[in-house]
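S.K.: Just dropping this structure here.
Quick note: the coordinates plus some simple rules give every number you see, no bench work behind them. Predicted model, so just to flag it, every value in this text is computed and none were measured. Reconstructed Cβ throughout: ideal geometry from the backbone, glycine too, with neighbour counts over all protein chains shown.
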């Protein structure tokens, strides 16, 4: 165990592709966790933002360290813009839901039968 | 460079026309505030021009804007389908009571409908992963708004919330998958990815994970199980016109994108120009197993759950899930025969499904309900509409002599020719199950009686009857005379745009 930590401490400052991928994987997992456990619609949408940003980190990191081309960085810019557009529409919908149901809890907003 | 872009722009005229029509619709809405019909006619004119421009692309095969978008006969077929259904949806919207109720501004509705059509058309042509994602989001974001367009109805608000949550989750998963594919292959361009995969130096486990994440995005668009959760609620809550549009055009766009992704990325590139023969996979991984699982799950789930539905719109939602399952079977066989069968099925599906939704809308205008129980005894009151609805439902089941039979026939034939007997049997059994819930509707219409609606008149205007006939005649005609349709589908699938 100690050797593992020693290895880890030595690996940590040498920032490379894998550091970014690990951060993005953690972010992705947190996003999915948030979407599946949170009941507040706003929190669910924040989970979605985490997933999108995890993908963005991947794009930029692969573009930077893969050394191939700028496609990834361009993709990240497009995704940022789209995420903003999507958030704007989603928040408008949530606002409308609040006016209609007086709640933004996704479990309570279920009037249609299965 | 400039020459190239100018040249490419000429192949981008249909989409450009649609963008101009979108702007014209907004301006028309500003000028003619009093009458909403004007915007509808602007939208119709724009779609007509787009349709004519699309028709001019029937034999092209090119790749424009640095391989961002393919202009080929495959995309041509789907674009035509999408524009045609958009025209029908605008016509439907003109006589929808829930949309035209007092005080509602419909200007944005028609302009957003055009934006949605644009997104779907881009989906049909996209040959770059970033472009695919952008097209998917363009159509998703506009459909979130449209499905909640009747804001004062609770169901509609709920539908848009569920749509936005499931939709953004699926597109997020797809984007993460795309980022992994980019990392492994160093490119977002499908043709380049194909070459890298052919080199065989890509980790196949990572590719599997990324591929499944990307399929989540496609699966959501075509509402395949297990990415279907949004479908029943959105289809039930959204305005019927939007439900009809999503069930046909959105699915067509999703299928076009999915087929292009699979065919270009994972198979030997010679299939893009060779019309015959099975496809050679460039990677050792068995994609077929994933698609087979999706297909069987989707059609079985859709049909079994549809049996229990009492709301006709919701029932048609589950039936549209089942139809996505049938169409997925066409991808499984991995040859052009299967693809041609899918495309043929889509044409047939367009007429019968839009027809069914149109009549459900007309009846809902009059009796204010979509419950199957409320259809009791209304058969004799509106002979034409109800006979037409019965024919559409028979066609959705896939019985002769309707067009639905021909669609299923070609799908099953493609499966049997490639030795997928068990899958064809599953598909046929599913059709039998679907007969039960479709028949329930016209049993209620003709064999049951109910006093509640005895004084409701179900007289439809001449124009509405004309629209019904316009959808009914092809549904019957293609069941008997389908050769030109088959030839069109087979010709369209032959050539994919290559760089």
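S.K.: Can you pull the percent of Cα pairs in chain B with separation above 34 Å?
M.R.: Tail of P(r) above 34 Å: 31 percent of Cα pairs.
S.K.: If I fit a long axis through the Cα atoms of helix A:2-11 and take the longest principal axis of the Cα atoms of chain A, what angle between them do I get, 0 to 90°, rounded to 10?
M.R.: 90
S.K.: Suppose only helical runs count, i.e. DSSP H with n ≥ 4. What mean residue ellipticity at 222 nm does that imply for chain A under -39500 (n - 2.57) per run, divided by all residues and rounded to the nearest 500 deg cm²/dmol?
M.R.: Here the helix-only value at 222 nm equals -27000 deg cm²/dmol.
S.K.: Next question, about the same structure. Using the count of nearby Cβ atoms within 10 Å as a rough guide to exposure, how do B:192, B:16, B:483 rank from fewest to most?
M.R.: By the 10 Å Cβ count, ascending: B:483, B:16, B:192.
S.K.: Using 0.36 nm times the number of residues separating residue B:371 and residue B:459, minus their current alpha carbon distance, what extension gain do you get?
M.R.: Extending this stretch completely gives an extra 29.7 nm.
S.K.: Taking 0.36 nm per residue of sequence separation and subtracting the Cα-Cα distance, how much length would be gained by fully extending the chain between residue B:108 and residue B:422, in nm to one decimal?
M.R.: 108.2 nm
S.K.: Still on this structure: Is there a simple number for the mean count of other chain Cβ atoms within 10 Å of the Cβ of residues in A:74-84, and what is it?
M.R.: Mean number of neighbouring Cβ atoms from other chains: 4.
S.K.: What does a probe at residue A:103 reach in the range B:156-170, counting residues whose amide N is under 19 Å from the point 7 Å along Cα→Cβ?
M.R.: B:156-163, B:165
S.K.: When only C-alpha pairs under 8 Å and at least 6 residues apart count, what is the relative contact order of the range A:39-106, in percent?
M.R.: About 46 percent, as a whole number.
S.K.: What angle, in degrees between 0 and 90 and rounded to the nearest 10, separates the Cα long axis of helix B:129-147 from the longest principal axis of the Cα atoms of chain B?
M.R.: 10
S.K.: Considering the alpha-carbon set of the range B:352-499 alone, what are its Rg and its Dmax in angstrom?
M.R.: 18.3, 65
S.K.: Now a separate question. Enter the Cα centre distance for the pair the range B:117-168 and the range B:287-325, rounded to the nearest angstrom.
M.R.: 21
S.K.: Dividing the Cα radius of gyration by the Kirkwood radius, what Rg/Rh value follows for the protein assembly as shown?
M.R.: We get a ratio of 0.97 for the protein assembly as shown.
S.K.: Sticking with this one: Could you work out Rg/(2.2 N^0.38 Å) for the range A:22-78, with Rg from alpha carbons only?
M.R.: 1.27
S.K.: Exposure proxy check: B:12, B:32 ranked by fewest other beta carbons within 10 Å?
M.R.: B:32, B:12
S.K.: Residues of A:90-99, mean number of Cβ from any other protein chain within 10 Å of their own Cβ, rounded to a whole number?
M.R.: 5
S.K.: Additional query: Suppose a student asked you for the relative contact order of chain B, using Cα pairs under 8 Å spaced at least 6 residues apart; what percent would you report?
M.R.: 16
S.K.: Alpha carbon centre of the range B:396-463 versus the range B:184-242: separation in Å?
M.R.: 30
S.K.: Next question. How crowded by other chains is B:402-413, given as the mean number of beta carbons from other chains within 10 Å of each beta carbon?
M.R.: Average neighbour count from other chains, rounded to a whole number: 0.
S.K.: Here is a further query. Order by neighbour count: B:465, B:313, fewest other Cβ atoms within 10 Å first, most last.
M.R.: Going from least to most buried by this count: B:465, B:313.
S.K.: Would you mind computing Rg(Cα) / (2.2 N^0.38 Å) for chain A, counting N as its residues?
M.R.: For chain A, the normalised Cα radius of gyration comes out at 1.43.
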